[in-house]
Amino acid sequence: MEEQLRRAAVEAVRSLGKRGRTSRVPETVRETVLAYVAAARAGGLEWREISQALGLSPGALRRWQLANSMKKRDNNGKPPRAFLPVVLHRSARTKATTTIATVSLTSPTGYRVEGLTARSAAELLRLLA
């Protein structure tokens, strides 16, 4: 399934042809790319690997993903004002010698807190609630 999504995303990006850094990307292409990004991240791929496969920058992919999550609106048509659900993925490249795992939290508006232990992340969320 992930391979089909990858092929579709690569083909969608190729269909754009030659473009500049600021050229607008159609929403249908973004949706196709983001479907692959979600599957690849769930499968443990890193941003760098995904961006190389697609020929797009990791920053662009992250911004697209954030913008896509911000499209989700509440009943009043406003963006969410709470943290999004946390999904943890173990990297396929995690070293066996790593003993302390860290997590990152990203707010709906894009603020990011990195390098937290699971315990400190839980404490931060309790304080913010």
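The values are calculated or read from the model by the stated rules, or taken from the named source; none is laboratory data. These numbers were taken from a predicted model, which means no experiment stands behind them. Here Cβ is always computed from backbone atoms with ideal geometry, including for glycine, and neighbour counts include all displayed protein chains.
Points to keep in mind about this one:
- Entry remark, the range 22-50: residues being of a type in the set (Lys, Arg) and part of a loop (DSSP other than H, G, I, E, B) number 1 in total.
- Of the criteria (1) closer than 22 Å to Lys71 by Cα; (2) outside any helix (DSSP H, G or I); (3) among the basic types (Lys, Arg), which one Arg19 fails: (1)
- Among the residues listed as Ala121, Ala53, the single one being at pLDDT 80 or above, over 30 Å from Glu3 (Cβ atoms) and not in a loop (DSSP other than H, G, I, E, B): Ala121
- In the range 19-35, the residues that are farther than 11 Å from Leu5 by Cβ form Cβ pairs under 6 Å with partners that are at pLDDT 90 or above and buried (at least 17 other Cβ atoms within 10 Å of the Cβ), at six or more places apart or across chains, as follows: Val29/Ala12.
Results for (1) assigned by TED's automatic domain parsing to the domain that holds Glu11; (2) buried (at least 18 other Cβ atoms within 10 Å of the Cβ); (3) modelled with pLDDT of 90 or more, shown as yes or no for each residue.
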{"site": "Tyr36", "(1), (2), (3)": "yes, yes, yes"}
{"site": "Gly43", "(1), (2), (3)": "yes, no, no"}
{"site": "Glu49", "(1), (2), (3)": "yes, no, yes"}
{"site": "Arg62", "(1), (2), (3)": "yes, no, no"}
{"site": "Gln65", "(1), (2), (3)": "yes, yes, no"}
